[in-house]
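Everything below concerns the one structure shown next.
Each value in this text was obtained by applying a stated rule to the coordinates, not by laboratory testing. Predicted, not measured: the structure shown is a model, and the values here were computed from it. Quick reminder, even Gly has a Cβ in these numbers, built from the backbone with ideal geometry, and neighbours come from all protein chains shown.
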Amino acid sequence: MKKIILAAIAVMTVGFASAQEQTKKGKYLIEGNTSFGGNGLGNTGFALSSEDGETQWNIGAEGGYFVMDNLAVKVGLGYGDTGADYGGSIFSYKVGAKYYVINKIPFELSYTGASVKDADENPSYLGIQGGYAWFVGNNISIEPGVRYNVTLNDNYGTGKDVLQFNIGFALHF
């Protein structure tokens, strides 16, 4: 039993040390997120949904640079389609910051906007996200999380805030 406990402590220590190295100043971050929930507008992740015979899809990625230990400045781009005749294609963008508390608990604050083809007004959101970074290798982390987007233009579409559940996959260089 003592050997099992010591082995578990050793594994956690190595994982923690690896995380400390990957969130240091001067490192880069590239990530892709899946998105569950929300309406797909203003999304820089991967999403696929179908409702009332209309299929929405989106692809995207985000990148960041650690300006100080545990703090990355990020940008993201995405492209998708609403599947509807009135909306069509969507180009999304995101700027923000991501901070890793104790190298394992990422919090993100970001602005997300979108340009919807033939729309009179485009959606924009201020979002906050929290989760957990599980480093499965020296340069790879899986980051499940929850994101809440507050709409900045109440007159767009439904004019509602959006709750999303994400699973992120990040590469650290």
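Observations
- The order of Leu71, Leu163, going from fewest to most other C-beta atoms within 10 Å of their C-beta, is Leu163, Leu71.
- Measuring r between the beta carbons of Asp161 and Glu21 and using R0 = 41 Å, the FRET efficiency lands at 0.65.
- Protection-proxy order for peptides 114-123, 96-105, each taking the mean of Cβ atoms within 10 Å per residue, highest first: 96-105, 114-123
- Point-to-point label distance, Leu171-Ile59, nm (Cα→Cβ direction, 7 Å offset): 1.5 nm
- Local electrostatic count at His172 - Lys and Arg +1, Asp and Glu -1, tallied over other residues with Cβ under 14 Å: +1
- Modelled this way, with points 7 Å down the Cα-to-C-beta line, the labels at Tyr132 and Asn153 are 3.8 nm from one another.
- Of the peptides 124-130, 52-58, the order by per-residue mean of other Cβ atoms within 10 Å, starting with the highest, comes out as 124-130, 52-58.
- Environment charge at Phe46 (Cβ cut-off 15 Å; Lys +1, Arg +1, Asp -1, Glu -1): -2
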